[in-house]
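Undergrad: One structure coming up, written as structure tokens, with questions to follow.
The values are calculated or read from the model by the stated rules, or taken from the named source; none is laboratory data. Not measured: the values here are computed from a predicted model. Note that each Cβ is placed from the backbone with ideal geometry, even for glycine, and that neighbours are counted across all protein chains shown.
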Amino acid sequence: MADTKINIAIDDVIALAQCTFYRSLTRSFKDSGKNITVEQWTMLKHIYENKGITQQAIANCSNKDKHSVCRLIDNMQKQQWVVRMPDKADKRINHLYLTEQGKKLHKQLYDLVQNYKSKAVKGISVTELKACSQILNRVTANMAR
């Protein structure tokens, strides 16, 4: 019975940490005059780091369904941050690239996000961060089974 209570507490702590992080980062984006969500930032970062990534690959690595990714990308395309390029061999596949405006936005937000991450882990040792990451990866693997 104690294990169940521990698991519920872990679930609550994980959910609270994510919610607090996202809400606070969204506020930081707005305070800096940028109208972007954390989900859009995550997509922007993935596309920046993986030029030509497919929508399906983004869905897989972000753990989102393809319809949610499609809507996010649609909105980002309307903002002129990304462009879809159809695959030459299979027109059903779209490759994603940042526009110049998207690259500029990434550059503007990158330092803000890095500073924010530093603030989030302030007072936590590298050893503690590694242990936390390992535990959360194990929780994720357990849940994926």
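Undergrad: Go through the residues of region 91-114 one by one and say whether even a single one is within 30 Å of ILE10 (Cβ to Cβ), exposed (fewer than 12 other Cβ atoms within 10 Å of the Cβ), under 16 Å from the mean Cα position of the chain (by Cα) and at pLDDT 90 or above.
TA: Yes: one or more hits.
Undergrad: Moving on. Hey, among the residues in region 71-83 that are of a type outside the set (S, T, N, Q) and loosely packed, with under 15 Cβ neighbours inside 10 Å, which one's farthest from the chain's Cα centre (by Cα)?
TA: Of everything passing the filter in region 71-83, LYS78 is farthest from the chain's Cα centre (by Cα).
Undergrad: Scan region 15-36 for residues that are in a helix (DSSP H, G or I) and touching a residue at least 24 places away in the same chain (Cβ under 8 Å) and jot them down.
TA: PHE21, SER24, LEU25, SER28, PHE29
Undergrad: Identify, please: which residue in region 47-67 is at pLDDT below 95 and under 13 Å from the mean Cα position of the chain (by Cα) and is, among those, surrounded by the most Cβ atoms within 10 Å (Cβ to Cβ)?
TA: By that ranking, first place goes to ILE58.
Undergrad: Would you check if ALA141 is small (Gly, Ala, Ser) and either outside any helix (DSSP H, G or I) or loosely packed, with under 10 Cβ neighbours inside 10 Å (or both)?
TA: Yes, satisfied.
Undergrad: Further question: Please verify whether region 3-11 includes one or more residues that are over 24 Å from THR99 (Cα atoms), loosely packed, with under 11 Cβ neighbours inside 10 Å and hydroxyl-bearing (Ser, Thr, Tyr).
TA: Yes, region 3-11 contains at least one residue that is over 24 Å from THR99 (Cα atoms), loosely packed, with under 11 Cβ neighbours inside 10 Å and hydroxyl-bearing (Ser, Thr, Tyr).
Undergrad: Exactly one of (1) in a strand (DSSP E or B); (2) in contact with a Phe, Trp or Tyr (Cβ under 7 Å, 6 or more places away or on another chain); (3) in contact (Cβ under 8 Å) with a residue 40 or more places away in the chain; (4) hydrophobic (A, V, I, L, M, F, W, C) is unmet by MET85. Its number?
TA: (3)
Every residue, every condition in (1) touching a strand residue (DSSP E or B) at 6+ places or on another chain (Cβ under 9 Å); (2) touching a residue at least 40 places away in the same chain (Cβ under 8 Å); (3) under 26 Å from ASP111 (Cβ atoms), yes or no:
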residue	(1), (2), (3)
VAL38	no, no, yes
ASN50	yes, no, yes
THR54	yes, yes, no
SER68	no, no, no
ILE73	yes, no, yes
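Undergrad: Something else about it: Report yes if SER24 is under 20 Å from LYS119 (Cβ atoms), touching a Phe, Trp or Tyr at 6+ places or on another chain (Cβ under 8 Å) and crowded, with 16+ Cβ neighbours inside 10 Å, otherwise no.
TA: No.
Undergrad: Considering region 1-30 alone, what residues qualify as being at pLDDT 90 or above and among the β-branched types (Val, Ile, Thr)?
TA: THR20, THR26
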